[in-house]
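A short write-up of the structure that comes next.
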Amino acid sequence: MHYDYRPQGVCARMIHYDLDEEKRVHNVSFDGGCDGNLKAISKLVEGQKAEELIRILEGNRCGFKPTSCADQFSKGLRQAIGEA
């Protein structure tokens, strides 16, 4: 299933991704944000289980911000798998 998540408090404007039946993440892309870093994150998370990515990415901060694109992605994943 395809998801579009609108992050808050970060430079990225939208996060797009797919979850398969096993809740594995595929086809992640970000609109806006730090292009190189977010492309790298997209490659690193490909095929990983959503629950594991939430555990790893949740709480990550960007500079002085209380959140980051990775943290916002974890929030989108949590919402998508029904753990919001």
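The values are calculated or read from the model by the stated rules, or taken from the named source; none is laboratory data. Since the structure is predicted, the reported quantities are computational estimates derived from the model, not experimental observations. All Cβ positions, glycine included, derive from the backbone under ideal geometry; neighbour counts span all protein chains shown.
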Of residues in the range 31-50 being polar (S, T, N, Q) and part of a helix (DSSP H, G or I), the one modelled with the highest pLDDT: SER42
Within the range 1-21, take every residue that is out of contact with any strand residue (DSSP E or B) (no Cβ under 7 Å at 6 or more places or on another chain) and either exposed (fewer than 11 other Cβ atoms within 10 Å of the Cβ) or without any contact (Cβ under 8 Å) to a residue 60 or more places away in the chain (or both) and give me the one that is farthest from GLN72 (Cα to Cα). GLU21
Boolean, LEU44 is of a type outside the set (Gly, Ala, Ser), closer than 13 Å to PHE73 by Cβ and surrounded by fewer than 16 Cβ atoms within 10 Å (Cβ to Cβ): yes
Find the residue count for the range 17-36, including only residues that are closer than 20 Å to GLY59 by Cα and out of contact with any helix residue (DSSP H, G or I) (no Cβ under 8 Å at 6 or more places or on another chain). 0
Of the residues in the range 47-84, those that are surrounded by fewer than 19 Cβ atoms within 10 Å (Cβ to Cβ), of a type in the set (A, V, I, L, M) and out of contact with any Lys or Arg (no Cβ under 9 Å at 6 or more places or on another chain) number 1
Can you say whether VAL10 is of a type outside the set (D, E, K, R), in a strand (DSSP E or B) and farther than 14 Å from ILE81 by Cβ, as far as the supplied structure shows? no
Could you check the range 22-36 and list, in sequence order, the residues that are more than 12 Å from CYS69 (Cα to Cα), without any contact (Cβ under 8 Å) to a residue 40 or more places away in the chain and in contact with a strand residue (DSSP E or B) (Cβ under 8 Å, 6 or more places away or on another chain)? GLU22, ARG24, HIS26, ASN27
Go through (1) among the basic types (Lys, Arg); (2) in contact (Cβ under 8 Å) with a residue 12 or more places away in the chain; (3) surrounded by 12 or more Cβ atoms within 10 Å (Cβ to Cβ) one by one and return the number of the condition LYS39 breaks. (2)
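Could you tell me how many of the residues in the range 51-77 are more than 17 Å from GLU22 (Cβ to Cβ) and part of a helix (DSSP H, G or I)?
So the answer is 10.
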